[in-house]
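Reading through the structure tokens given below for one structure.
The values are calculated or read from the model by the stated rules, or taken from the named source; none is laboratory data. Note that the structure is a prediction, hence the values are computed from the model and not measured. Cβ sites come from the backbone with ideal geometry, for glycine too, and all protein chains shown count toward neighbours.
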Amino acid sequence: MNELLQLLVKSIVDTPEEVTISEVVGEKAVVYEIKVAESDIGKVIGKQGRIINAIRTIVRAAAVKDGKKVSIELLG
């Protein structure tokens, strides 16, 4: 999952070297926290949140194969 997220986010932003993704494992779900450069936050969110929602949909669909629940948070 982490590799998929990195591929998706790094292909969108202008400064891919500043992308960090941390994984927080809970009892029922896994939370991925994405940190990007301040100037790239708008690119990851997209108009009306369409890009970040599409990323969430893709990752959730991939997580269903593993039987996991996944949540994604974008940290500023």
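Just to check your reading of the model, which residue among ILE55, ILE34, ILE21 is surrounded by 13 or more Cβ atoms within 10 Å (Cβ to Cβ) and either modelled with pLDDT under 95 or not in a strand (DSSP E or B) (or both)?
Of ILE55, ILE34, ILE21, the one residue that is surrounded by 13 or more Cβ atoms within 10 Å (Cβ to Cβ) and either modelled with pLDDT under 95 or not in a strand (DSSP E or B) (or both) is ILE55.
Considering only residues that are surrounded by fewer than 12 Cβ atoms within 10 Å (Cβ to Cβ) and of a type outside the set (Ser, Thr, Tyr), look in segment 37-46 and name the one that is farthest from the chain's Cα centre (by Cα). Working first, answer last.
Kept after step one, since they are surrounded by fewer than 12 Cβ atoms within 10 Å (Cβ to Cβ), are these residues of segment 37-46: 38-39, 42.
Among the residues that remain, those that are also of a type outside the set (Ser, Thr, Tyr) are: 38, 42.
Details: GLU38: 15, GLY42: 14 Å.
If we take residues in segment 37-46 being surrounded by fewer than 12 Cβ atoms within 10 Å (Cβ to Cβ) and of a type outside the set (Ser, Thr, Tyr), then GLU38 is farthest from the chain's Cα centre (by Cα).
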- [ ] Would you confirm whether any residue within segment 40-51 is of a type outside the set (S, T, N, Q) and not in a helix (DSSP H, G or I)?
- [x] yes
Open item on the list: Here's a check for you: in segment 58-73, which residue that is under 10 Å from the mean Cα position of the chain (by Cα) and in a helix (DSSP H, G or I) is nearest to LEU4 (Cα to Cα)?
Closed with: VAL59
